[in-house]
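Input: a single structure, listed below in C-alpha cells.
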Amino acid sequence: MPELPFSILLLVALALVFDFLNGFHDSSNIVATMIFSRAMSGQMALAITAIAHFIGPFLFGTAVATTLGHEVLADTQIKLSVTMSALIASIIWNLVTWWLGLPSSSSHALIGGLIGAAVVESGWAVVKIAGVTKVIIALAISPPIGFAAGFVAMKLILFLARGASPGINKFFKQSQVVTAVALALSHGTNDAQKTMGVITLGLVSAGVLTEFEVPLWVIVISAGAIALGTWTGGWRLIRTIGSKFFKVRPVHGFGTQITSASVILVAAILGGPVSTTQVVSSAIMGIGSAERLSKVRWGTAEHIIVAWLTTIPVSAILAALLAALLRNWI
C-alpha cells in the first residue's frame, strides 16, 4: 500500500467500514438456508463463507469494480466528497435496515448514493448513461431471473428425487457445504468488488492513479473487510431469510444455493453489479413457489420488496444532502 494523503486514507477507512457492514449485512444470503435446514452450525457456516468471500475476488477478476467505479460516473470529474457522501449514506442505510431486520441491498444503497451525491456536486453531465443503464438492467432482471431459476431448479430436483427415501435429506445436507462455498465465492466476487470500485474511483479522482485500474492492495483489503464482516454475521437478517419465508428444509437450502450461485457468478463475470440479497431472496421464493404458492409467506416478501424499492431513492437523497454539507470541507 503506497503512502497516501489523509483524505484518501479517510476514504479508504469509510470504504472498509461499508465493506465490513456489507459482509455483516449480507452473510444471511449465504448461510441462512443451511443453518435453518440444519445442514451446518451457525459458526461453521459463517467461517466457511468468510474464507470463500476472501478468495472469490482473486479468482474471477474485477469486472464489477470497473463497472461501478469507471462506467457509471466520469471518474476524473468526481470529488472525494462525492464518494465519501455515498459511503456514509450507504453505511447509515445498512445499519437502519439491519436493525429493522430487512435484507435490503447494499449494492442499491451504494449506487443510489454515488449518483445522488455526484448530481448535487457536478450536475447530471457527470453521469454516464450507458453505465447506469447497464447497472439498472443488471439490478432489474436479476430478481426475476433468480425467482424463475429457483422455481425451475426446485421442479427439476423434485422430479429427479421422486420416489427417493427420506435418506436423501442427508445428501442435500452434505451437498450444501459445496453449494455454500460456490455461493460465497460468487458473492465475494460480486460484492467486494463494489468497494474496490469506490476506492479506485477515489484514487483516480484525487490524482493518485492516472487511469482506472484496481491495485492489488485494494483487492486484498476489500476482500479482507467483507470476509471479516461475514464471519461476524448479522443474525437479525439470517433469521429473516432462513425462517420468515417458509420452513426451510435441506432440499430448499441446496436448491437456493446452487441457483443463486449460478446467477450471481454469471453477473460478476459479465460485470453486472447485481444485488445478491435480491437474487437469494427471489430464489428462495421461487423454490417455495415450485412446491405450492401458498407455501411462501408473501407478507414477508412484500416488506422486503418495499425495502428494495426505497433503497436507491433514500440513499440518493441522503448522499445528496451529505455532499452539499461536505463540499466545502473535503
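How much net charge surrounds LYS295 when only other residues with a Cβ under 12 Å from its Cβ are counted (Lys, Arg +1; Asp, Glu -1)?
+3
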Projected label distance in nm at LYS170 and LEU309, using a 7 Å step from Cα toward the beta-carbon: 4.8 nm
The chain: Rg to Rh, with Rh as the Kirkwood radius over Cα pairs: 0.99
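Which of the DSSP-defined H helices in the chain satisfy a minimum axial length of 18 Å, computed from C-alpha atoms, and a minimum mean Kyte-Doolittle hydropathy of -1.0?
Those that clear 18 Å and a mean of -1.0 are 6-36, 42-59, 80-100, 106-122, 129-160, 168-205, 216-232, 250-270, 276-291, 298-326.
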For LEU73, distant residues with modelled amide H under 5 Å away: LYS128
I need to check one value: relative contact order of segment 6-326, counting alpha carbon pairs closer than 8 Å and at least 6 residues apart, in percent. 41 percent
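Expected output is a single nm value to one decimal: the length gained when fully extending between ARG38 and TRP124, i.e. 0.36 nm times separation in residues minus the C-alpha distance. What is it? Working shown, then result.
Values: separation 86, 0.36 × 86 = 30.96 nm, distance 4.97 nm.
Answer, rounded to one decimal: 26.0 nm.
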Just from its helices, what would the mean residue ellipticity at 222 nm be for the chain, if runs of 4 or more DSSP H residues each count -39500 (n - 2.57) and the sum is divided by every residue, rounded to the nearest 500 deg cm²/dmol? -26500 deg cm²/dmol
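Rule-based calculations on the coordinates, nothing more; no lab input. Since the model is a prediction, treat every value here as computed from it, not as a measurement. Note that we place each Cβ from the backbone using ideal geometry, even for glycine, and neighbour counts take in every protein chain shown.
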